[in-house]
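Data first, discussion second: the structure below is written as structure tokens.
The values are calculated or read from the model by the stated rules, or taken from the named source; none is laboratory data. Source: prediction; values computed, not measured. So basically every Cβ, Gly included, is an ideal-geometry build from the backbone, and we count neighbours across all protein chains shown.
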Amino acid sequence: MGQVIVKTGVKREAGYLYYVDKKGNLARVNMKRAGKPYKKKVEVLAKCGVKRATGMLYYVDKAGNVCCAKMARGGKKKKAAKKKPAKKAAKKKAGKKRK
């Protein structure tokens with residue numbers, strides 16, 4: 001999908017979120033789980049120094065490499081829905097008058 005920028009080869013472990021931080025380094029943080037205590041402890045795994053470009057998405061692939069791909073913006077336009085004609089109200093029959 002994307003293009004490999006830096007080959008780091010980091011082994012991924014379950015329970016962690018891997019991402020490229022603001023400085024362009026490969027980092028991880030433990031994911032919050034229901035019913036378990038949560039401490040936000042960021043670990044920098046590799047100093048990559050990636051320079052970010054606008055309109056690009058930076059991520060860590062399955063092999064542990066830092067990759068980038070063009071962000072999908074706008075998406076596909078939806079077709080206009082056809083308007084159904086409004087239902088006419090049924091006329092009520094004149095009932096017998098009560099005395």
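Miscellaneous remarks
- Residues being basic (Lys, Arg), touching a Lys or Arg at 6+ places or on another chain (Cβ under 9 Å) and either under 27 Å from residue 4 (Cα atoms) or at pLDDT 85 or above (or both) - total across the stretch 26-83: 4
Okay, residues lined up against (1) on the phi > 0 side of the Ramachandran plot; (2) in contact with a strand residue (DSSP E or B) (Cβ under 8 Å, 6 or more places away or on another chain); (3) of a type in the set (Lys, Arg); (4) surrounded by 13 or more Cβ atoms within 10 Å (Cβ to Cβ):
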| position | (1), (2), (3), (4) |
| --- | --- |
| 35 | yes, no, no, no |
| 44 | no, yes, no, no |
| 48 | no, yes, no, yes |
| 62 | no, no, yes, no |
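- Subset of the stretch 15-29 [of a type in the set (A, V, I, L, M, F, W, C), under 17 Å from the mean Cα position of the chain (by Cα) and over 15 Å from residue 53 (Cβ atoms)]: 17
- Being in contact with a Ser or Thr (Cβ under 6 Å, 6 or more places away or on another chain) and small (Gly, Ala, Ser) is a property that holds for residue 64.
- The single condition from (1) under 28 Å from residue 74 (Cβ atoms); (2) at pLDDT 85 or above; (3) assigned to a loop (DSSP other than H, G, I, E, B); (4) aliphatic (A, V, I, L, M) that residue 4 fails is (3).
- Here the stretch 64-99 is the region considered, the condition is being in contact (Cβ under 8 Å) with a residue 24 or more places away in the chain and part of a loop (DSSP other than H, G, I, E, B), and the residue that is surrounded by the fewest Cβ atoms within 10 Å (Cβ to Cβ) is 64.
- Each residue in the stretch 33-68 was checked for being under 17 Å from the mean Cα position of the chain (by Cα) and closer than 12 Å to residue 20 by Cβ, and 8 pass.
- Selection within the stretch 7-61 - closer than 20 Å to residue 71 by Cβ and among the aliphatic types (A, V, I, L, M): 17, 20, 26, 50, 53, 56, 57, 60
- Residues that are free of Cβ contacts under 8 Å to residues at least 40 places away in the same chain and crowded, with 16+ Cβ neighbours inside 10 Å, drawn from the stretch 1-28: 24, 25, 27, 28
- Flag for residue 56 being within 21 Å of residue 10 (Cα to Cα) and either hydrophobic (A, V, I, L, M, F, W, C) or free of Cβ contacts under 8 Å to residues at least 12 places away in the same chain (or both): no
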